[in-house]
Amino acid sequence: MTSTTPRTTTPTIAAAVDEPPARFLDLVAAEWIKVRSLRSTPWVIVLVALVVTGMAAARALADYNNFPSYSALTQREHPFSLGDSFPAEGYLTVMLAAVAVGAIAAVSEYGSGLIRTTTVAVPARGAVVLAKAVVQVVMWTVIGLLVALCAFFVAQAILGGRDAAIPISDPDALRALAASALLAPVCALVGLGLGVLIRHSATTVVAGAFVLLLLPVFFSSRKPLSVSFAHAMVRNAWARLATIYGTPTEAYNGATVGQSWTVYALWPLVALVLALVVVRRRDV
């Protein structure tokens, strides 16, 4: 008689290891790698720096050459000096570049399908959007500050030959410098928010350019309603904060410095809040 020995099976207990959620700094680092990997980013930065600095130098050189023909009051007050350092044409380029890069930071993932991988790895979509926002704010604040400083010192060095330079410690110069440096991150966050909402590259860039650059043109009259809308435009807020040296408030339809800083704060805040709401409720 054959006896069979019962086979004993030892249950294997697999230890479930929960992966820790991605830290926010890791998300920021990942988003920075994405932005840095875009070949267009360094070219846009170089273009912005050259355009703003070149226009500031050109305007300062024109005033330098025309200085002997100015009136005695203009030569003494030199109200053009601050405006030469922050040329409006140059900062329109900054606005367009920043809103485009901010939009591409959001839209590029949807176009390539990478957003599906991102949401699988990081289900907290709001954290991803916030990480993108942090990268855009830090990057464009540094770029905006460096460009503003470069343009300021180049223009003032030229005007110094006519004794018409403004020191950087001047309150108007400091305010204009801060407003010009922060203009880029404000526009980048608007572009990021529009990118999350629209999800199409060309449409988002066109929408950003229209909202930031063209829409203020429709509110150029002095009617009360038009003036109220004009005060709420980022482009007009920058013009008020980077006011020409000595220009009275009335030249800006009564816009105040406080109102203009409020516009700077509200536009990116509203764009970011809308992006956070939409990204949590919409499928990828």
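Overview of results
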| item | result |
| --- | --- |
| Thr141, sole failed condition from (1) without any contact (Cβ under 8 Å) to a residue 12 or more places away in the chain; (2) part of a helix (DSSP H, G or I); (3) hydroxyl-bearing (Ser, Thr, Tyr) | (1) |
| Flag for Val51 being among the aliphatic types (A, V, I, L, M), surrounded by 15 or more Cβ atoms within 10 Å (Cβ to Cβ) and free of Cβ contacts under 8 Å to residues at least 60 places away in the same chain | yes |
| Single match in Val142, Val147 (criterion: at pLDDT 95 or above and surrounded by fewer than 15 Cβ atoms within 10 Å (Cβ to Cβ)) | Val142 |
| Within segment 90-128, considering residues that are modelled with pLDDT of 90 or more and of a type outside the set (A, V, I, L, M, F, W, C), the one nearest to the chain's Cα centre (by Cα) | Gly102 |
| Enumeration of residues in segment 203-244 that are in a helix (DSSP H, G or I) and of a type in the set (Val, Ile, Thr) | Thr203, Thr204, Val205, Val206, Val211, Val217, Val227, Val234 |
| Exclusive hit being of a type in the set (Val, Ile, Thr), surrounded by 23 or more Cβ atoms within 10 Å (Cβ to Cβ) and either over 25 Å from Ala56 (Cα atoms) or touching a strand residue (DSSP E or B) at 6+ places or on another chain (Cβ under 6 Å) (or both), set Val196, Val227 | Val196 |
| Restricting segment 144-171 to residues that are in a loop (DSSP other than H, G, I, E, B) and of a type in the set (Gly, Ala, Ser), the residue that is nearest to Gly193 (Cα to Cα) | Ser169 |
| Any hit, segment 6-14, residues being over 15 Å from Phe152 (Cα atoms), modelled with pLDDT under 90, out of contact with any Ser or Thr (no Cβ under 9 Å at 6 or more places or on another chain) and among the hydrophobic types (A, V, I, L, M, F, W, C) | yes |
| Which listed residue, of Ala164, Ala188, Ala232, is of a type outside the set (Ser, Thr, Tyr) and at pLDDT 95 or above | Ala188 |
| Subset of segment 153-173 (residues that are surrounded by fewer than 18 Cβ atoms within 10 Å (Cβ to Cβ) and either closer than 9 Å to Ala242 by Cα or of a type in the set (Gly, Ala, Ser) (or both)) | Ala157, Gly160, Gly161, Ser169, Asp172 |
| Options Val273, Val263, Val279; residue that is part of a helix (DSSP H, G or I), β-branched (Val, Ile, Thr), at pLDDT 90 or above and surrounded by 14 or more Cβ atoms within 10 Å (Cβ to Cβ) | Val263 |
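The values are calculated or read from the model by the stated rules, or taken from the named source; none is laboratory data. Values in this document were obtained by computation on a predicted structure and should not be read as measured data. Don't worry about glycine lacking a Cβ; one is built from the backbone with ideal geometry, like all the others, and counts go over all protein chains shown.
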